[in-house]
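Have a look at the structure below, then the notes.
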Amino acid sequence: MGDKHNAPAGAAGRAPSADRPEQIRNVVLVGHSGAGKTTIAESLALATGAINRAGRVQDGTTVSDYDEIEHRQQRSVQLSLVPIEFDGYKINLLDTPGYADFTGELRAGLRAADAALFVVPANEDIDGATRSLWDECAAVDMPRALLVTKLDAPQADFDATVERCREAFAPDSPESVLPIYLPLREGEPGADGTRHVSGLVGLLSRQRYDYADGKRVESEVDGELATEIDPARERLIEAVITESEDETLMDRYLGGETIDTETVIDDLERAVARGHFHPVLAALPAADGSREGVGTTELLQLVTAAFPSPIEHVCPVHPGEEAVACDPDGPLAAQVLKVTSDPYVGRLTLCRVFSGTLRPDVQVHVGDSDERVGALTSPFGRAQRPVPQAVAGDIVCVAKLGHGATEETLSQPGHLVDLDHWALPEPLLPIAIHAHSKADEDKLSQALSRLGGEDPTLRLEQNPETRQLVLWCLGEAHADVMLERLRGRFGVQIDTEDYVVPFRETLAGPATGRGRHVKQSGGHGQYAICEIEVEPLPTGSGFEFVDKVVGGAVPRQFILSVEKGVRAQLARGVAAGFPLVDVRVTLVDGKAHSVDSSDAAFQTAGALALREAAADNVRLLEPVAEVHVLVPDDFVGAVLSDLSSRRGRVLGTEPVGSGGRTAIHADVPELEIVRYAVDLRSLSHGAGSFTRVYARHEALPEAMASRVLKKMEAAR
C-alpha cells in the first residue's frame, strides 16, 4: 500500500463482473449518521470510473441515496450496493444507514460483507453505537479499517481523531490502531485552526501523494517532512512486526536490522486480513465533483490488497452444522439480504451468494417451495444492470422471485441448506394507525403485508384487547419512513392515534347485580331475569362461574346462556372497555317465561347483571414489564434515576463482559415506557439498548386510573 499503485479501471454503465471469488471484495461502510459514508462511496465510484461526476447528499444526486425519502431527509435510510472495479477486482461497497432506527439494514450489510470500513469524522467524537458495533465485529473477527473524513471541517484534527479511535476501539491494544498515511497540509491555518489538505504521506513507502490538481501525483518524501514522519513510521513498523507470523522478524528488528519495506507491507496486509491490525486512513472528497478526492486510490489499494476475499469468510451456517465452502462449483447457498418493491421491475431480492453459482432460469429452493430464478441484475443505486451469473462471494439482485423473505436461504433442490439468521433488534416503539377512508382500508392489509415482508424489523400487531392496529418500530425515524412508504409507494393514506396500553379491569370488592331484560313488541317477546353475586379473585386466577340456582328459577338450558352473556361482557369490559379479569360470578336466582324466554334473552340479562354489579366497583390493572437495559457504565446512574421516575422497581445490576457495560434489571409499568426506545437513546447518547417482556398486571394508582377513565370516556 502506498507503493503498489495501479490505475483505476471501470466503465460507467457496465456492471462489474467477477469469475472467481478471489476477484471480489465485499466492504461495508459503517459509521454514525452524517459521518460521510455515502460521500466516500460516491468518491470511490468517481475514482474508478463508475460515474463521471460525484453527486452530493445535499442535492439528492448520489448513487446510493436514490430513494425519495432519502432525498428529503438528506440521510441514508436503507442498505445500498455500489459495485465498482479497481485493478481487476470487483468491489461491492455496501453503504449502510448510520441512524440507529435502521439497524436492520446495517445488519444485512454486515452479513453481506467480508470486511468493515469504519468512517469517523475528524471533527466529532465517536458515538456509543459505533463503539458497540466495533465490539460486535471484533467478536466475530471481522477485519476492520478506519477512515477519517471531514478533514476540512472546522476544528478537524486528524491526530486527535486517531487517539480517540485508539481509546474507543482498542483500549487494551492501542498499537493495533495506527495510521498508515498522514494528511499532507499546506498553507497557513485558517481562523478555525484548520489547514488545507492537498494529499497524503505514506509512512511505509515514504511517498507523497498530491491531489492538488485533481489527479494523483507521486513523489519522494525528503527534507523536513521525512524527519517529521520518522517517529510515526517507526511506531507503525514495530506494531506490524509485532503481528507478523514470522517470529524471527521482531528479533531481527530489535537487533538493528533494517526490515525490507515490501516485507512490512506484506505483513501489514496479512494482519489486516486476519483482523489483528486496524489501519487508519484519511480521505477528503474533492469539492469539484469531477475531480479525484484525496485518499481514494490509497483506500482502494488497501481494500484490494489487505481486505480478505470471500474465500476467507466463514459461511454463516447454524452451530453444529457442516461448513459450506465458498466454491463456485459447489452446491448453491445464497441468503436474502433484503427485499424491495420497484414500481417498474416489481419485486427485487438482494442476495449474497456464499457457495455455488446463481444463474437465471434455474430451480432453487427458498422458504418452503421450489421456484425458478428470474433475471439477475447488479444494482447500482436505482439502476439495475443485467448480469449473466453471480459466483460464490458475489452480491446480486433476483427479479420477481415470488418467495424468499429477508434472511431466508436459496439453495439447490436435493441439497438443501439453511443459513443462520443474523441478530435483529426488537422493535419497541408502538405506532397506532388506522386507514383514513374506506378505500384506504381496502388497500391497507396488502400494503402492510408487503412492507412487513421487506423490513424484518417492523412488527405488525392487531391488538385484540385494545382493537388497535399497531406498527412496532425501532424509533421515530423508522416509523416516519414506514408511514411515508405506505403513502408514497402504496398510495394508502394513514392516520395515527394515541397508542393505548392494554389495561385490564377487575373488581374492587364483592357486589351483587340484577339483570332484567323484558321486552314485548307483538308476537314472541323477550323475557329473562337473573341475579348474580360477584367477587374478585387473586391475580391470575381468571374467571369462575358458579351455579347456585335452586328450585328451577332459571331453567337448566338457560344457565349456560347466562354464563355466555357474562363472558361476553367480561371481554368488553364495563368501565373503560378493557377486559374484566380475575372474578367469580355466582348465579343465585332469576325468572323465566314459558314462551318469551330464550338463549339470547338470558345472554343479555347476564351481561346487564354484571354491568350493574361492577358499576363503581372497578379497579384498573396496568401491565408491568420486565425490562433489561444494557448501557455503558458512564450512564448507569442516569438510567437508574430515570427508571425510578417511571415508577420502576430496580431488581439488580451486573457488569457485562469487559467492555465497561452494565445490565440493569427492573420491573416497569408499560404505561411509562411507551416511548422508552426514543428516550433511552437520548439518555445514553445512542449507546444504550433494552428488551422487555410482559410480566403481569398490577393495580394502577387511583389518581392515574381516574385520568385514564376520563380519557377513555372522552374518546368514546
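Each Cα pair under 8 Å and six or more residues apart adds its sequence gap; the mean of these over the residue count of region 1-154 is a relative contact order of 27 percent. For region 467-507, backbone nitrogen atoms closer than 16 Å to the point 7 Å from Asp442 Cα along Cα-to-C-beta are found at 491-493.
Mean projected area of the Cα convex hull of the chain, taken over all directions, amounts to 39.7 nm². According to a simple spin-label model (label point 7 Å from Cα along Cα-to-Cβ), what is the distance in nm between Leu424 and Arg487? That separation, rounded to one decimal, is 2.5 nm. Surface listing: His524, His365, His415 arranged by accessible area from highest to lowest gives His524, His415, His365, probe 1.4 Å. Asp222 sits among other residues whose Cβ lies under 15 Å from its own Cβ, and their net charge, with Lys and Arg +1 and Asp and Glu -1, is -3. Computed from the C-beta positions of Ala663 and Asp599, the FRET efficiency with R₀ = 60 Å rounds to 0.60. Which whole-angstrom value gives the distance between the alpha carbon centres of region 98-152 and region 500-547? Distance between centres, Cα-based: 59 Å. Each residue of region 577-593 was assigned a 3J(HN,Hα) from its phi angle through the Karplus expression (A = 6.51, B = -1.76, C = 1.60, θ = phi - 60°), giving x, 9, x, 8, 10, 6, 9, 10, 10, 10, 7, 10, 6, x, 9, 9, 10 Hz with x at Gly and Pro. Annotation: amide H-H contacts under 5 Å for Ser597 (H modelled 1.01 Å from N, sequence separation of 5 or more, or interchain): Tyr527. Distance between the modelled labels on Glu312 and His276, one decimal in nanometres: 1.2 nm (7 Å Cα→Cβ projection). Using the Cβ of Leu507 as centre and a radius below 14 Å, the other residues enclosed give a net charge of -3, where K and R count +1 and D and E count -1.
Near the amide H of Val387, within less than 5 Å, lie the amide hydrogens of Leu376, Thr377, Ser378, all on another chain or at least 5 residues away, with H placed in the peptide plane. For region 455-472, backbone phi angles converted through the Karplus equation (6.51, -1.76, 1.60; θ = phi - 60°) give residue-by-residue couplings of 10, x, 8, 9, 10, 9, 9, 9, 6, x, 7, 9, 6, 9, 8, 10, 9, 8 Hz, Gly and Pro being listed as x. The loop-placed trypsin sites (Lys or Arg not before Pro) in region 386-474, going by DSSP, that have at most 16 neighbouring Cβ atoms within 10 Å of their Cβ come out as Lys400, Arg467. The slack in the chain from Ser219 to Asp135, taken as 0.36 nm per residue of separation less the alpha-carbon distance, amounts to 26.4 nm.
Note on Ala553 and Gln155: the model spin-label points, each 7 Å out from Cα along the C-beta direction, lie 8.0 nm apart.
For Gly36, nonlocal amide neighbours, meaning residues 5 or more places apart or on other chains whose placed amide H falls under 5 Å from its own, do not occur. Taken one residue at a time, the phi angles of region 493-502 give Karplus couplings (6.51, -1.76, 1.60, θ = phi - 60°) of 7, 10, 10, 9, 9, 5, 6, 9, 5, x Hz. Gly and Pro are set to x. Most tightly packed first, judged by the mean number of other beta-carbon atoms within 10 Å of their residues, the peptides 546-553, 663-670 read 663-670, 546-553.
In the chain, Cα pairs under 8 Å separated by at least six residues give a relative contact order of 10 percent. Note on exposure: Val708, Val336, Val518 ranked by accessible area (1.4 Å probe, complete protein assembly) read Val518, Val708, Val336, with the most exposed listed first.
Each Cα pair under 8 Å and six or more residues apart adds its separation to the average, and for region 598-678 the resulting relative contact order is 33 percent. If a spin label sat at a point 7 angstrom from the Cα of Arg185 along the line to its beta carbon, the backbone N atoms of region 279-294 nearer than 20 Å would be those of 280-287, 294.
Overall, the chain carries a charge dipole of about 3760 debye about its Cα centre when +1 sits on the Cβ of Lys and Arg and -1 on the Cβ of Asp and Glu, all other atoms neutral. With all protein chains in place and ligands, DNA and RNA left out, the 1.4 Å accessible area ranks Met250, Met142 as Met250, Met142, largest first.
The values are calculated or read from the model by the stated rules, or taken from the named source; none is laboratory data. As the structure is a prediction and not an experimental result, all values here were calculated from the model. When we count neighbours, we look across all protein chains shown, and the Cβ atoms used for this are built from the backbone with ideal geometry, even at glycine. Keep in mind that these areas ignore ligands, DNA and RNA; they rest on the heavy atoms of the full protein, side chains included. Shrake-Rupley method; radii C 1.70, N 1.55, O 1.52, S 1.80 Å.
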